[in-house]
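All remarks here apply to the structure that follows.
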Amino acid sequence: MQQKPIDLARLGTVRCAIAPEPRTTPDGEVRRDREGNPQWTTGLMVRQVEARRADVIHVVTSTEPLGVLEGEAVTVTDLWANDWAVDGRSGVSFRAAAIAPASAGGSGQAAAPSSSSSVASASSSSTASSSSGSAGARKGGES
């Protein structure tokens, strides 16, 4: 599995597309990180500055994104992409240290990644999202 920091300076607008919800197992139990903190998944709409197309990525955090509402601009801290492959399937999962509402005058720009070791140690079982439409476990046990 290869982990890559995302250059958030290339992203124009980052908005919440799907409100934060607890990340759950297919059995409905809340997933936890290595330190025992509950994990949250948030759908973010991202668009490169020079592109017309917008994509929704599902980003996992270990802190609840308080105050993040659908349609609102957000600030993302330490966003990482992780390549994964399991049983012949593959994709990309996304993890961030935090997601917060953009400041009152903010434009929804994302914060640049730092060398946070807790983000770099994300496991390969993170919620998946790829250009082929693969998605990891979601609320309700979908696959």
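Of all residues in segment 77-105, count the ones that are in a loop (DSSP other than H, G, I, E, B) and buried (at least 17 other Cβ atoms within 10 Å of the Cβ).
Applying the first criterion (in a loop (DSSP other than H, G, I, E, B)) to segment 77-105 yields 78-79, 87-88, 96-97, 102-105.
In the following step, the residues that additionally are buried (at least 17 other Cβ atoms within 10 Å of the Cβ) were identified as 78-79, 96-97, 102.
Total meeting the criteria: 5.
Between residues in segment 28-52 that are under 16 Å from A81 (Cα atoms) and residues that are open to solvent by 50 Å² or more (accessible area, probe 1.4 Å) and aromatic (F, W, Y), which pairs lie under 9 Å by C-beta distance while being six or more apart or on different chains? Pairs found: none. Taken over segment 1-33, residues that are over 15 Å from A96 (Cα atoms), modelled with pLDDT of 85 or more and in a loop (DSSP other than H, G, I, E, B) amount to 6.
The values are calculated or read from the model by the stated rules, or taken from the named source; none is laboratory data. All values derive from a computational prediction rather than experimental measurement. Positions of Cβ are backbone-derived with ideal geometry, glycine not excepted, and every protein chain shown enters the neighbour counts. Note: areas computed on protein heavy atoms with side chains; ligands, DNA, RNA excluded. Shrake-Rupley method; radii C 1.70, N 1.55, O 1.52, S 1.80 Å.
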